[in-house]
1. K136: which lysines have alpha carbons under 30 Å from its alpha carbon, excluding same-chain residues fewer than 8 sequence positions away?
2. Could you estimate the translational diffusion coefficient of segment 103-187 from the Stokes-Einstein equation, with Rh from the Kirkwood formula over C-alpha pairs, at 4 °C and 1.567 mPa s, in whole µm²/s?
3. With a 1.4 Å probe and all protein chains left in place, how much of the accessible area of the chain comes from carbon and sulfur atoms, in whole percent?
4. Quick one: which residues, 5 or more positions from S63 or on another chain, have an amide H under 5 Å from its amide H? H modelled 1.01 Å from N in the peptide plane, none for Pro or chain starts.
5. From the helices alone, meaning DSSP H stretches of at least four residues, give me the mean residue ellipticity at 222 nm for the chain, per-run term -39500 (n - 2.57), in deg cm²/dmol to the nearest 500.
6. How big is the charge dipole of the chain about its Cα centre, in debye rounded to the nearest 20, if each Lys and Arg gets +1 on its Cβ and each Asp and Glu gets -1 on its Cβ?
7. Once amide H atoms are built 1.01 Å from N in the peptide plane, which residues 5 or more positions from V243, or in another chain, come under 5 Å H to H?
8. For the chain, report the accessible area per residue in Å² (1.4 Å probe, heavy atoms, rounded to an integer).
Amino acid sequence: MNDNLIRDVVSLANGQWLNILNNLCGEIRYKKAQPCPACGGKDRFTFDDLEGRGTYVCRGCGSGDALSLVAKVYSLNAREAALLVAPYVGLSVGHKVDTAAIERSRRKAEQAKSHEAAKLAAKQAKAATRAVVILKTCKHALASNAYLNAKQVQPFGTFELTEIVHLYGDYIMNKGSLVVPIFNPTLSGLQFVQPNSEKHILAGSKVKGGFYPLSSKDSNQIYIGEGFATCAAVAECVSNALVLCAFSAGNLINVALAIRSSRPKVDIIIIADNDESGTGEREAIKAALAVDGSYIMPPAVSEVA
């Protein structure tokens, strides 16, 4: 087999990974929380197969594509894993590669990628439209809002539901819930926060790279945190800076990179949630390193997040 083994195997396997992995790595179900075939657990692993590439997410051993999963399960390098997969896509050592089949697989992968992107764009557009409709029924939140009052922070331009909102199935957001807009860069969705701190994102919202600015200041010092209450507490302490809520630890790096791209000379400070899992600190360090910024872990952050 030629030196393009990995490329050829991956091209031919595109769209067939679920069947291949079920032969090589045990039973794997599509988009179901399940044990990881590499590191075990109970529900840490999800096979999402984006663009037919066999992608997966595991809270234990990390994310990747199908070939990397095979390599993990069998403790192989990428080429050795490709040799293991080769027979399942009709390739064998010493036989000429079917270039026509690879080209067909490549075109199929491109079509799948385009189709998936179009579906995602339509879903996000629908969410943005619904966000506008919901906000028209809201009122501006006051410090007396149940959630804000419990956290002892100011509303910073957020909203409050004046009527019940049905999210999905029978699940509803109750009247009085805090509503935080998500901008990406225009309005792309909403986060709802109930008085008990339970949070939900409007389905379809474009959250990656999305943020909520707690002021309209044009500052050379920008703080980026994950939770609204955390960001509000910081904003009250640093009135001369701009504070952005990124909504999740994993989104800190996306917001930070976007800010660095548009504002190359500003000081970026990442606010890390001091949670027991250490996720906030890890993601804050990752974001700070990516933009050459810094991060802080205020002792009280875990109490207001």
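The values are calculated or read from the model by the stated rules, or taken from the named source; none is laboratory data. Fair warning: this is a prediction, and the values are worked out from it, not measured in the lab. Because the Cβ atoms are built from the backbone with ideal geometry, glycine has one as well, and the counts that use them run over all protein chains shown. The accessibility values were calculated without ligands, DNA or RNA, using every heavy atom of the protein model including side chains. Shrake-Rupley method; radii C 1.70, N 1.55, O 1.52, S 1.80 Å.
1. Cα-Cα hits under 30 Å: K119, K123, K126, K151, K175, K199, K206, K208, K217.
2. Details: Rh = 15.4 Å.
Stokes-Einstein gives a translational diffusion coefficient of 84 µm²/s.
3. Numbers: 8350 of 15760 Å².
Roughly 53 percent, rounded to a whole number.
4. C58
5. Values: 10 runs with 116 residues, N = 305.
It lands at -11500 deg cm²/dmol.
6. Details: 33 positive and 28 negative charges, 167 e Å.
Dipole of the chain, to the nearest 20 debye: 800 debye.
7. Long-range HN contacts for V243: L214, S215, Y223.
8. Numbers: 15760 Å² over 305 residues.
I get 52 Å² per residue for the chain.
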